[in-house]
1. Using only Cα atoms, locate the centre of the range 143-190 and the centre of the range 6-41, then give the distance between them in Å, rounded to an integer.
2. Tell me the angle of helix 140-158 to the major Cα principal axis of the chain, expressed in degrees between 0 and 90 and rounded to the nearest ten.
3. Quick one: what are the phi-derived ³J(HN,Hα) couplings along the range 426-437, Karplus 6.51/-1.76/1.60 with θ = phi - 60°, whole Hz, x for glycine and proline?
4. List the residues, sorted by chain then number, that are 5 or more residues from residue 396 or on another chain and whose placed amide H is less than 5 Å from its amide H.
5. Which whole number of Å³ per residue matches the convex hull of the alpha-carbon atoms in the range 227-354?
6. Relative contact order of the range 183-269, please, whole-number percent, based on alpha carbon pairs below 8 angstrom and at least 6 residues apart.
7. Kindly express, to the nearest 10 degrees and within the range 0 to 90, the angle between helix 285-330's C-alpha long axis and the longest C-alpha principal axis of the chain.
8. Taking loop as defined by DSSP and a crowding limit of 16 other beta carbons within 10 Å, which GluC sites (Glu not before Pro) in the range 151-239 fit?
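The values are calculated or read from the model by the stated rules, or taken from the named source; none is laboratory data. What you are looking at is a predicted structure, and each value in this text was computed from that prediction instead of being measured. When we count neighbours, we look across all protein chains shown, and the Cβ atoms used for this are built from the backbone with ideal geometry, even at glycine. Ligands, DNA and RNA are stripped out before the accessible areas are found, and what is left, the full protein with its side chains, is counted by its heavy atoms. Shrake-Rupley method; radii C 1.70, N 1.55, O 1.52, S 1.80 Å.
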Amino acid sequence: MEKLERRQLKRSLKPHWVWAIAFGSAIGWGAFVLPTDWIGQAGPIGVVLGILLGAILMMVIGVSYGFLIEKFPVTGGEFSYAYIGFGRGFAFMAGWFLTLGYICIVALNASALSLLAKFLFPEFAAIGTLYSVAGYDVSIVQILISSTVLVVFALLNIRGTSFSGQTQFIFSLILILGILMLAAGAIFTEGPSLSNITPGFEPTQPAIASVLAILAIAPFAYVGFDNIPQAAEEFKFESKKAFGLIIWSLLAAGLAYAFMIIITASTMPWQNLLAQINEQNSVWGTGDAIESYMGRTGVFIIAAAVCMGIFTGLNGFYLSASRLTFAMGRARILPNAFRSLHSKYHTPYVGILFTMSICLIAPWFGREALLWVVDMSSTGVAIAYFFCTATAYKMFKWSNKQPDKNIKTVAAPGRKLLSLLGMISSIIFLILLLLPASPAALGQESLVALGIWVLLGIVFYLFNSRRYNNLSDEELNYLIIGREKI
């Protein structure tokens, strides 16, 4: 009958494309824009330790993702996993928070292109200045730049997953090449030195506080590896390969972040670098650091790398946001339009256009206001990680002597332990973000934005829940995971 219609996505993604989707999304623009901000917060060594420890914790969490992708190779990711482990209400919660996280990152990537234009062509970017938000001047040129790139990448994603995967892989290779060229410049030119990275930690706080401050943002720094489960239904290969792709993408992302931190901090004594950036009221501190030893050539290289990071972020999160909303539409918790597929390209175009429409509002509020929302989106991502690891924990058992309960389980004590560690890591991330005394606590603006999103979620769920909850368990199982029994 009609209500059991379950539309499926085409299998078209190759393994190296999926790796590029995860790696490019995790790196995005952050590795090139945020180093000086992070260094000021924790010191160079504090950042490197925090970011690499974050990668290790993400790999622990990745064990649960790899298992669930292999067992349930369907789109929807954490929405589907939360449903399997905890039922309908928690599935909506996980999907709702993750949708926010994905949409925020699409918007932030688009705003990063405006920031790049403001650095490279300040007079041009200031044309048509309209107003200021939180001290950030908003101009019509910046709005047009961000809006144009949002529209272009929405149209590219509508054209098909194969096209997105191919371009993502090319963008990722150019991004890696850019980092290697910047590293070569730091090694072979005068000025940069590893002695400039001392003191290794921010001297006004304990070293452990510096590391924890960076560790807390790991869900934001590495969000993107979880784009892999969103694309699982479109794999043109065995789903058991997903775990290896997760590990390799996280390893590459962690090294890319670490390289950019060391390169930036080595250009001159890092405290002098930060003082110079503040004195000059610099738009882009990392760009200034690169220019100090490579001149305009270095600026061109890092600008090209930033563009690739922005493009991979836009590509990857457009894909994930649209697949997540497609899965929720297919489960009937979102309007029917979200489960529609393009007649020619067979892509979930409504989710792509929805993401674009929401993100087109963001450039009008300026980058600083947008950062408040993005900061609290780390909370949503950490919640999604928790549901994934908790579901995996329920599906693993310590030994074959334990009976199955509501779902079929697998005896795997090592992986059960890792899923437990993943759950604990997710809870730690949430505590670091939400505990007022934490060195990484969300600001008041971010907490207000989080509260608004929670209230919107409650209203949205109440408005749409009747159809969702009227489905039988067998019907909803079929719509979400493709079979009537879990």
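1. After rounding, the separation between the Cα centres reads 10 Å.
2. 40
3. 4, 5, 4, 4, 5, 4, 4, 7, 9, 6, x, 7
4. For residue 396, the qualifying residues are 410.
5. Enclosed volume per residue, from the Cα hull, is 168 Å³.
6. Computed value for the range 183-269: 63 percent relative contact order.
7. That works out to roughly 10 degrees.
8. Sparse-neighbourhood loop GluC sites (Glu not before Pro): 190, 238.
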